[in-house]
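Below is one structure; the comments refer to it alone.
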Amino acid sequence: MAYIQPKLDLVRRSASSGAEPALSRETEVAKLIDISKCIGCKACQVACMEWNELRQEPEENVGVYDNPHDLNPNTWTLMRYTEYENTAEDRLEWLIRKDGCMHCTDPGCLKACPSPGAIVQYSNGIVDFISEACIGCGYCVKGCPFNIPRISKADHKAYKCTLCSDRVAEGMGPACAKACPTKAITFGSKDDMIALANERVEDLKERGYARAGLYDPPGVNGTHVMYVLHHADKPSLYAGLPDAPRISPLVETWKGVTKYAGMLAMGAAAVVGIGHYLMAGPNEVSEHDEAEARKLKEGRDA
Ligand code: SF4
Ligand code: SF4
Ligand code: SF4
């Protein structure tokens with residue numbers, strides 16, 4: 001599904017050494033989701049499916065508003081509803097969070113992916129999956145600290161929100177932001193979105209939410225999808241949003257070990273080759289071997 005932007009715009013590519021030289025750097029973008037403005041109408045979820053031509057089979061009602069029950073290859077964004085009993089303030093609160101890819105500045109999915117070019121990051125910060133290069137191994141799922149990618153049983157490819165990279169490439173905002181009736185979702189440059197978030201946080205603080213704040217987690221060097229939270233001191237209240245997301249040390253170790261093991265193996269092969277050359281000299285074909293090869297060839301041609 002991913003729209004392949006010009007290669008010059010890439011800054012990172014999975015299973016490829018070093019950063020790609022992005023000759024035409026775009027401004028860093030971000031989507032700001034202000035949870036205090038969300039009314040849970042799901043227009044964003046529907047708009048995502050419409051724009052990306054996704055269709056999800058209806059699921060059974062199990063007594064929660066989340067529908068479907070989880071992200072899946074056909075649901076790239078999902079509204080998650082939490083009923084929170086705020087005992088300190090003696091009130092019941094609905095915490096409704098739009099779940100989906102966070103477009104991490106340091107994306108664990110991309111770091112874990114072993115297939116060259118299956119996951120890319122553009123200079124504007126968007127992290128995209130390139131279906132043609134995906135081998136369906138599922139390492140991106142393990143590498144993601146937000147539990148986002150889903151592997152399709154139909155085509156064995158990984159799927160997630162693209163931040164509407166196709167629309168953004170044409171100067172439009174994401175479909176979900178366009179559809180939101182309360183402007184709970186806004187899209188623009190990352191700097192502008194941080195400035196807007198700070199205004200919203202000040203407003204929430206004046207209205208009694210002393211712990212309101214911006215969610216832009218430093219453990220992944222920030223994200224290109226950010227939240228304004230009323231309870232920024234407890235992100236996990238919002239349907240398990242990670243309090244301090246980080247790429248698993250296993251992914252970092254695995255990448256480091258495989259990289260250095262590969263270099264060691266290549267080095268060892270070179271040493272053995274040179275040693276063999278010095279001890280035994282170059283490989284030579286004897287007269288006898290050449291005569292046998294000629295006989296075989298004549299037999300085949302006869
Ligand atoms: S949220 Fe997960 S899938 Fe999205 S960019 Fe970050 S690591 Fe990758
Ligand atoms: S940015 Fe686009 S792909 Fe991502 S959730 Fe919004 S509509 Fe869906
Ligand atoms: S469209 Fe806006 S208000 Fe409606 S559920 Fe999505 S984020 Fe909330």
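The values are calculated or read from the model by the stated rules, or taken from the named source; none is laboratory data. From a predicted model like this one, the values you see are computed outputs, not experimental measurements. Quick reminder, even Gly has a Cβ in these numbers, built from the backbone with ideal geometry, and neighbours come from all protein chains shown. Surface accessibility is based on the protein's heavy atoms, side chains included, excluding ligands, DNA and RNA. Shrake-Rupley method; radii C 1.70, N 1.55, O 1.52, S 1.80 Å.
Among the residues of segment 158-178, what is the count of those that are more than 17 Å from residue 96 (Cα to Cα) and open to solvent by less than 40 Å² (accessible area, probe 1.4 Å)?
Selection size over segment 158-178: 13.
Is it the case that residue 75 is open to solvent by less than 20 Å² (accessible area, probe 1.4 Å) and more than 13 Å from the chain's Cα centre (by Cα)?
Considered against the rule, which asks whether it is open to solvent by less than 20 Å² (accessible area, probe 1.4 Å) and more than 13 Å from the chain's Cα centre (by Cα), residue 75 comes out as yes.
Could you figure out which of (1) touching a residue at least 40 places away in the same chain (Cβ under 8 Å); (2) open to solvent by less than 30 Å² (accessible area, probe 1.4 Å); (3) over 19 Å from residue 48 (Cβ atoms); (4) within 12 Å of ligand 1 (Cβ to nearest atom) isn't true of residue 219?
(2)
Looking at the structure I just gave you, is residue 186 of a type in the set (Ser, Thr, Tyr), over 22 Å from residue 86 (Cβ atoms) and within 16 Å of ligand 3 (Cβ to nearest atom)?
Yes.
Are any residues in segment 35-54 aliphatic (A, V, I, L, M), open to solvent by 40 Å² or more (accessible area, probe 1.4 Å) and assigned to a loop (DSSP other than H, G, I, E, B), and if so, which ones?
Within segment 35-54, 39 is the sole residue that qualifies.
Could you tell me whether residue 117 is within 22 Å of residue 30 (Cα to Cα), modelled with pLDDT of 95 or more and away from ligand 2 (no atom under 16 Å from the Cβ)? First the steps, then the outcome.
Working: within 22 Å of residue 30 (Cα to Cα): no; modelled with pLDDT of 95 or more: yes; away from ligand 2 (no atom under 16 Å from the Cβ): yes.
In short, no.
Among the residues of segment 198-216, is there at least one that is within 16 Å of the chain's Cα centre (by Cα) and assigned by the TED database to the domain that holds residue 107?
yes
What number of residues within segment 150-173 are within 14 Å of residue 33 (Cβ to Cβ) and in contact with a strand residue (DSSP E or B) (Cβ under 6 Å, 6 or more places away or on another chain)?
Number satisfying all stated conditions: 1.
Of all the residues that make up segment 216-233, how many are out of contact with any Pro (no Cβ under 6 Å at 6 or more places or on another chain) and either of a type in the set (Gly, Ala, Ser) or within 18 Å of residue 98 (Cβ to Cβ) (or both)?
Residues that pass the stated criteria total 12.
Determine whether residue 106 is within 10 Å of the chain's Cα centre (by Cα) and either of a type in the set (Lys, Arg) or surrounded by fewer than 19 Cβ atoms within 10 Å (Cβ to Cβ) (or both).
When the stated conditions are applied, residue 106 passes them.
Starting from segment 34-46, take each residue that is free of Cβ contacts under 8 Å to residues at least 12 places away in the same chain and more than 22 Å from residue 197 (Cα to Cα) and list its partners that are away from ligand 1 (no atom under 16 Å from the Cβ) and not hydroxyl-bearing (Ser, Thr, Tyr), counting only C-beta distances under 9 angstrom and pairs at least six apart or across chains.
Hits for this filter: zero, empty list.
Listed here are the residues, each with its yes/no results for (1) assigned to a loop (DSSP other than H, G, I, E, B); (2) open to solvent by less than 70 Å² (accessible area, probe 1.4 Å); (3) more than 16 Å from ligand 2 (Cβ to nearest atom).
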{"residue": "27", "(1), (2), (3)": "yes, no, yes"}
{"residue": "31", "(1), (2), (3)": "no, yes, no"}
{"residue": "56", "(1), (2), (3)": "yes, yes, no"}
{"residue": "60", "(1), (2), (3)": "yes, no, yes"}
{"residue": "64", "(1), (2), (3)": "yes, no, yes"}
{"residue": "68", "(1), (2), (3)": "yes, yes, no"}
{"residue": "102", "(1), (2), (3)": "yes, yes, no"}
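Might you let me know whether segment 102-118 holds any residue that is closer than 25 Å to residue 211 by Cα and within 16 Å of ligand 3 (Cβ to nearest atom)?
yes
Might you let me know whether segment 118-139 holds any residue that is open to solvent by 10 Å² or more (accessible area, probe 1.4 Å), closer than 24 Å to residue 96 by Cβ and of a type in the set (S, T, N, Q)?
Among the residues of segment 118-139, not one is open to solvent by 10 Å² or more (accessible area, probe 1.4 Å), closer than 24 Å to residue 96 by Cβ and of a type in the set (S, T, N, Q), which makes the answer no.
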